[in-house]
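The structure appears right after this line, and notes come after that.
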Amino acid sequence: HQMNNRFHAIMQRFSVPWDIYSEGKYKDFSKEELINLIEVFGKSTERVLAISADGGKITETIQNYSKGKIEFGVVRFGETVDKSLDMILLKHSKFQFEIKKEYEQDLLLWGAEAPLQDVIFNAVDNSCFSMGMKKEKDTNYKPQIIIRGKVSKTMFDFEIEDNGMGIKKENLKKVMDPMFSTK
């Protein structure tokens, strides 16, 4: 699932430039438009390289998990959140929502980055789904996600809150069950 999300992000990054190239549209571009196109290609390539590196971390995590051990190291929580949000914004590029970050941006943690990034991505992805359903019913609704984090003694606690549809009462007790989903 996580690798598929990264492949989807890579495809989205290159779909517009590919259309311009494959349809020959660039031939009619002015010099300034060509320079802008090259800049778009450059930025897309830079992001694809980062997404690919993240995919490598996931592969490594899966390998470590299958061996029974996960490699821990220093994780920059803010950067991990930003990487997850980059993928979310690609996946939900047409869905507008506000993101509030309530944590120290330069916070360092001891952990495994790829699984943490996946947890954040999946939670925010579910939030987007819930908020999208609410937006369909209420055109005045303003979707919002808040990511909070704080250190308490030797632990780091974080939460992701959205103002979407919410979870039905009967499903609350099941949300931590493996493979449980209402989608």
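For the reader, a short list of remarks on this structure follows.
- Nearest-10 value in Å² for the accessible area of Ile35, using the 1.4 Å probe: 80
- Largest-first ordering by accessible area, 1.4 Å probe, given options Tyr21, Tyr26: Tyr21, Tyr26
- Loop-located chymotrypsin sites (Phe, Trp or Tyr not before Pro) in the stretch 85-127 whose Cβ has at most 14 other Cβ within 10 Å (DSSP): Phe95
- Contour excess over end-to-end distance, with Cα ends at Lys134 and Ser181 and 0.36 nm allotted per residue: 15.1 nm
- Amide H contacts of Leu107: Phe77, Gly78, each under 5 Å away and 5 or more positions distant or on a separate chain (H built 1.01 Å from N in the peptide plane; Pro and chain starts excluded).
- Summarising the overall dimensions of the chain from its C-alpha atoms, the Rg and Dmax are 19.2, 62 angstrom.
- Using the 1.4 Å probe convention, the accessible area of the stretch 27-183 works out to 68 Å² per residue with neighbouring protein chains retained.
- The alpha carbons of the stretch 80-183 give a radius of gyration and a Dmax of 14.6, 43 Å, in that order.
- For the pair Arg76 and Lys31, label points projected 7 Å from Cα toward Cβ lie 3.8 nm apart.
- Cα gyration tensor shape for the stretch 101-150, rounded if a/c is under 1.5, else prolate or oblate: oblate
- The stretch 122-183: C-alpha gyration tensor shape, a/c 1.5 cut-off, then a/b vs b/c: oblate
- Carbon + sulfur, % of accessible area of the stretch 1-61 - ligands and nucleic acids excluded, 1.4 Å: 61
- FRET efficiency for the pair Lys168 and Thr59, taken as 1/(1 + (r/R0)^6) with r the Cβ-Cβ distance and R0 = 25 Å, rounds to 0.10.
- Residue-level accessible surface for Thr154, protein heavy atoms, 1.4 Å, Å²: 130
- Heavy-atom accessible surface of Met3, to the nearest 10 Å², is about 60 Å², with a 1.4 Å probe and all protein chains retained.
- Rounded to the nearest 0.05, the FRET efficiency derived from the C-beta distance between Glu39 and Ile146 at R0 = 41 Å is 0.80.
The values are calculated or read from the model by the stated rules, or taken from the named source; none is laboratory data. The model shown is predicted, which means the values in this text are computed figures rather than measured ones. Reconstructed Cβ throughout: ideal geometry from the backbone, glycine too, with neighbour counts over all protein chains shown. To get the accessible areas, we keep the full protein, side chains included, count just its heavy atoms, and leave off ligands, DNA and RNA. Shrake-Rupley method; radii C 1.70, N 1.55, O 1.52, S 1.80 Å.
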